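Here's the structure we're looking at; comments come further down.
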Amino acid sequence: MSRHLLLLIRSAALTLVLALALAGASSSARAADATNYFMGHSVFGYSGYSPGGTIDINARPIEAEVRLDGVLLGVANDLQAVPVDAHTGTHTLTVSAPGYESAVVVTYVVQDWTTRVRLSLIPARARPR
């Protein structure tokens, strides 16, 4: 056989081996993905199954009260680095502290994602008498 024909056969065999290896890798990746989901939701994260996504809240001053849809979550200091579970959709986040202007943030939570909210309250102005 000619040298060119042998190189062509070797190249075709290598291509076939790579194609079969990639096909096997993608089917095993699909099998691994199936074990990482429960009822269509990711089982990764700090709490496993979640009805929606999470909100990561970082507010200043640290003594500010944080409310999600009118429900008190706690003070800003306690919510540092603690994602809050929330259903998918639009939510109203209210942050207030004595001596500061209150802030209202409308945020949208996406399934299996973390929405980050960072804010600093503005000190209240002295009211004229």
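Go through segment 55-74 and count every residue that is out of contact with any Lys or Arg (no Cβ under 8 Å at 6 or more places or on another chain) and without any contact (Cβ under 8 Å) to a residue 60 or more places away in the chain.
Residues that pass the stated criteria total 12.
Considering each residue of segment 75-89, count those that are surrounded by 14 or more Cβ atoms within 10 Å (Cβ to Cβ) and either of a type in the set (Ser, Thr, Tyr) or without any contact (Cβ under 8 Å) to a residue 24 or more places away in the chain (or both), and give that number.
4
If I go through segment 104-129 residue by residue, how many of them are touching a residue at least 40 places away in the same chain (Cβ under 8 Å) and either at negative phi or not assigned by TED's automatic domain parsing to the domain that holds Leu68 (or both)?
Result for segment 104-129: 13.
If I filter segment 97-116 down to residues being of a type in the set (Gly, Ala, Ser) and exposed (fewer than 15 other Cβ atoms within 10 Å of the Cβ), which single residue comes out as farthest from the chain's Cα centre (by Cα)?
If we take residues in segment 97-116 being of a type in the set (Gly, Ala, Ser) and exposed (fewer than 15 other Cβ atoms within 10 Å of the Cβ), then Gly99 is farthest from the chain's Cα centre (by Cα).
The values are calculated or read from the model by the stated rules, or taken from the named source; none is laboratory data. Just so it is clear, the model here is predicted, and its values are computed rather than measured. As a convention, Cβ positions derive from the backbone with ideal geometry for all residues, glycine included, and neighbour counts pool all protein chains shown.
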